[in-house]
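Report on the following structure.
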Amino acid sequence: MPIARILFTLPLPEPFDYTVPEGMALEPGSYVAAPVGPYDRLGMVVEVLPDQPGSNRKLKAVTAVYDVPPMTAAMREFMAWTSRYTVSHPGTILSMALRARDALQPSPVETLYRVTGAVPPRMTPARQRVLQVAAELGPSASADLAAAAGVTSSVVKGLLEAGALEAFEVETDLPFPAPDPDLRGAVLTPEQASAAAALQEGVRTGGYASYLLDGVTGSGKTEVYFEAIAETLRHDPEAQTLVLLPEIALTQAILTRFEQRFGTAPAPWHSGMTPKDRRRTMRETMQGRARIVIGARSALFLPFRKLKLIIVDEEHDASFKQEDGVTYHARDLAVMRAKLEEGVVILASATPALETVVNAEAGRYERLRLSARPGTARLPEIELVDLKKAPPTRGKWLSPVLEQAMLATLAAGEQSLLFLNRRGYAPLVICKACGERLKSPGTDTWLTEHRYSGRLVCHLTGYSIPKPAHCPHCGAADSLMGVGPGVERVAEELRILLPGARIEIFSSDTVQGGDSTRSLIDRMAEGEIDVLIGTQIVAKGHNFPNLTLVGVVDADSGLKGGDLRAGERTYQLLSQVAGRAGRAERPGRAYVQTYAPDNPAMQALAANDRDGYLAVERDIRAELELPPFGRLAAMILSAPAADLVDRFALEAAGLAPNGDGIELFGPAPAPLSVIRGRHRRRFLVKSPRTVDLSAYMTAWIGRLKPPSQVRISVDIDPYSFL
Ligand code: ADP
């Protein structure tokens, strides 16, 4: 009997061998169930080996094979590559690819009822109500009919038996309607048209091609990549497109734009979906029927049938980096996947990452530029407000310059947006009596005061308590005081400055779920809000035509800490926020409050000199051999006891392999040295570009024998250093 090597969706380093029962057809990529211990588990065939006569290995048999298209060779290669690169078990990557396992089964069916027109021999008021409701609602489930008519389901059953209702079965998960590439899009500007033509040419030529769509905020990048999608749809009736967006940008607005351009919304994939919707998207994607999928970073692991175009919008966005479990950067992996799929990849941004710009300059991506906004819209003027020269009055956070601008904007009937990347009322709570700073238990973070909810919250772990009346340390009454500004506190200040203005807060605390986000965005777009105060969730993707003033309350907050990308990220975030202003006829302005007006990122922002800034950053990174001119990897060790993790960290340091050009830093306590009671230590490894740092880390881990309470995690190309 032939033997199948099966990789399971379990954190195991290797596939296992099974016999293939007579009559079962398997090939590499087939999805199967096979016994592991007492249970059948989901797995995928990696290889089928011919019969090995004479072998006396006792193997179990494959239980069943799923009736779905096998995983493609390109996807299997992609998974193998990702596993090796991220130093993760192949089975763990397979679990990521099969997040909605029900998708391997056909759609469940549901029984619906409809009226036949026949009159039941015995009519009661309850029966009459059901028939009336059924006629009004159309085909419905029994429970829905009963609920709407206010009867028990036995009445529905009775009507069925009497022939007044009939039952029929439907699949609950419907296919997505086919998008139409030829609905009319925007009339492109010459610059847009030439970028679109280049992308379409790439699609038609076929094979791997990579582009950087580098266009200022509001220049119409979306319209341009729509044309690449349209060409993909037209060119090959089986080709599929994946659009990756930062999770935060997956709002109704972008779905509506797709609907307008293609007649139907794309298949979505993100963390906020119900299991049923996930199952549907995954099934339709693996069957090849979903032609356009739009999703957050994890959509990159969906097993497409024929993925020919990947778009990474806002490619610089830090949320493409997955920090938990398997750490990966979805943009970098998207490029690799496009290569393996022999497809086209488009990275789009107004503020591309330095890595991406360096790749474009080296000729690895073709760069397409959009230098202007279409029509009369212009980029906003950005002014730095030096807080040393124009400080806010005591206890306030807005300088007189910004206050005046806000008053004038309101008087002109226009909208303002204030940006402050701090949720809640105050980021720190201290006791006036004893000076205690309130910390999250077992975790090295401060508690944030939230006034609306009256709670103190840890944003890292989610721990929260009602604000205590007494200091937990010294017991003093009414002594706890919030320090520093959060969005709630700035709102309080504005209500005094602009009495009567319609002021709202946009943060993950005030909008929960798609509906409330949508409603807030709609109200802002329709001018029903005068001032919106928001965290980074306001920065992306929104078009508010009457928004002419943007104020950045604390431009310096992102510059603190030892992150090598701090300056670059600050530049990206602030220029994106500023880019919300002046997106229609009226010109926009942005005021950026800073104590560091001489910081190169601030200077570049004011001068609108992105390329100049990137050139300076690039030289610094090249000089220090930091990414993308060198490689970094981190190893984080954690354990419930500090002495245990310290002892093991020393042992690990002693076992680090030697390598040419490898520099090892640490072990050092992580900046967040305790999280949920686990003590954390970090190593940072730096190497020249030519070194395979993944292989180095794999070799190192291979030498370690951690005690059971110690956890090891590896982060190749880390973005967070906490
Ligand atoms: P970006 O993705 O570069 O920030 P968008 O694609 O969101 O820009 O475009 C910004 C706004 O300009 C949108 O409202 C869009 O509909 C509009 N727009 C883009 N291109 C055109 C065009 N050629 N003609 C008219 N409006 C356009």
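Near A566, within a Cβ-to-Cβ distance under 13 Å, what is the net charge of the other residues, with Lys and Arg +1 and Asp and Glu -1?
0
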Q.
If each residue of separation counts as 0.36 nm, what is the full-extension length gain between E136 and A469 once their alpha-carbon separation is subtracted?
A. 114.3 nm
Q: Name the cysteines of the chain that stand alone by the Cβ rule: no other cysteine Cβ under 4.7 angstrom.
A: C458
Q. About its Cα centre, what dipole magnitude does the range 416-550 give when the only charges are +1 on Lys and Arg Cβ and -1 on Asp and Glu Cβ, stated in debye to the nearest 20?
A. 300 debye
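Please report the equivalent ellipsoid semi-axes of the range 206-360, computed as sqrt(5 x eigenvalue) of the Cα gyration tensor, largest first, in whole Å.
Equivalent ellipsoid of the range 206-360: 21, 18, 17 Å, largest first.
Taking the Kirkwood radius as the inverse of the mean 1/r across Cα pairs, report the Rg/Rh of the range 505-663. Let's see the in-between values first.
On the way: Rg = 21.5 Å, Rh = 19.3 Å.
Radius of gyration relative to Kirkwood radius: 1.12.
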Q) Sorted from largest down, what three extents in whole angstroms do the Cα atoms of the range 421-546 have along their principal axes? A) 52, 31, 18
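Where the accessible area of the chain is counted over protein heavy atoms with a 1.4 Å probe, how much of it, in %, is carbon and sulfur?
On the way: 16630 of 31580 Å².
Carbon and sulfur: 53 percent of the exposed surface of the chain.
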Q. Expressed in nm to one decimal, what extension gain is obtained for the pair A411 and S371 from 0.36 nm per residue of sequence separation less their Cα-Cα distance?
A. 11.2 nm
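Please report, in debye to the nearest 20, how large the charge dipole of the chain is about its Cα centre when each Lys and Arg carries +1 at its beta carbon and each Asp and Glu carries -1 there.
Working: 80 positive and 83 negative charges, 281 e Å.
Using Cβ point charges on Lys, Arg, Asp and Glu, the chain gives about 1360 debye.
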Q: Post the alpha-carbon centroid distance, the range 439-504 to the range 164-211, in whole angstrom.
A: 47 Å
(Q) To make sure I understand the rule: partners must be lysines, Cα under 17 Å from the Cα of K389, and not fewer than 8 residues away in the same chain. Which ones qualify? (A) none
**Q.** Between the range 645-662 and the range 66-130, the Cα center-to-center distance that results, in Å
**A.** 46 Å
Q: Rank by packing, highest mean first: peptides 3-16, 332-345, with packing defined as the count of other Cβ atoms within 10 Å averaged across residues.
A: 332-345, 3-16
**Q.** J(HN,Hα) series, the range 162-172, from Karplus relation 6.51 cos²θ - 1.76 cosθ + 1.60, nearest Hz, glycine and proline x
**A.** 7, x, 7, 10, 10, 9, 8, 9, 10, 6, 7
Q) Counting DSSP beta bridges in the range 429-535, what percent are antiparallel, to the nearest 5? A) 75 percent
**Q.** Rule-of-thumb Rg ratio for the range 575-614 [Cα; 2.2 N^0.38 Å; N residues]
**A.** 1.26
Q: Whole Å is fine, so just give me how far the alpha carbon centre of the range 229-301 lies from that of the range 358-431.
A: 32 Å
Q.
Out of the trypsin sites (Lys or Arg not before Pro) in the range 527-582, which ones are loop residues according to DSSP with at most 12 other C-beta atoms within 10 Å?
A. K560
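To the nearest 0.05, how large is the calculated FRET efficiency for F665 and A695 if R₀ is 22 Å and r is the Cβ-Cβ distance?
0.70
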Q) Antiparallel DSSP bridges in the chain: what percent, to the nearest 5? A) 55 percent
Q. Between I6 and residues 5 or more places away or on another chain, which pairs have amide H atoms under 5 Å apart, with H built 1.01 Å from N, and which residues are they?
A. F16, D17, Y18, V46
(Q) Which one, G677, A606, P627, is farthest towards the positive end of the dipole of the range 606-691 when Lys and Arg carry +1 and Asp and Glu -1 on their Cβ? (A) G677
Q. If the cut-off is a Cα-Cα distance under 26 Å, which lysines reach K306, setting aside same-chain residues fewer than 8 apart in sequence?
A. K221, K276, K321, K339
Q.
In whole Hz and in residue order, list the ³J(HN,Hα) couplings for the range 452-468 that follow from phi through the Karplus curve 6.51 cos²θ - 1.76 cosθ + 1.60, θ = phi - 60°; x for Gly and Pro.
A. 4, 8, x, 10, 10, 10, 9, 6, 7, 9, x, 4, 8, 9, x, 4, x
Q | Rounded to whole Hz, the Karplus (6.51, -1.76, 1.60) HN-Hα couplings of the range 117-122, x for glycine and proline | A | x, 6, 9, x, x, 10
Q: Within the range 55-137, report the trypsin sites (Lys or Arg not before Pro) that DSSP leaves as loop and that have at most 10 other Cβ atoms within 10 Å.
A: R57, K58, R122
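Just the C-alpha atoms of the chain: what Rg/Rh do they give, with Rh taken as the Kirkwood radius?
On the way: Rg = 28.9 Å, Rh = 29.0 Å.
Looking at the chain, the ratio lands at 1.00.
Can you give the charge dipole size of the range 79-212 about its Cα centre, rounded to the nearest 20 debye, using +1 on the beta carbon of Lys and Arg and -1 on the beta carbon of Asp and Glu?
Numbers: 10 positive and 13 negative charges, 69 e Å.
Taking the Cα centre of the range 79-212 as origin, the dipole is about 340 debye.
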Q: Identify the chymotrypsin sites (Phe, Trp or Tyr not before Pro) of the range 388-487 meeting these criteria: DSSP loop state and at most 14 other C-beta atoms within 10 Å of the C-beta.
A: Y452
Q. DSSP beta bridges in the range 205-338, what fraction antiparallel, as a percent rounded to 5?
A. 15 percent
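The values are calculated or read from the model by the stated rules, or taken from the named source; none is laboratory data. Everything numeric in this text was worked out from a predicted model, so none of it was measured. Positions of Cβ are generated from backbone atoms using ideal geometry, with glycine treated the same way; all protein chains shown enter the neighbour counts. Areas reflect the complete protein model, heavy atoms only, side chains present, ligands, DNA and RNA absent. Shrake-Rupley method; radii C 1.70, N 1.55, O 1.52, S 1.80 Å.
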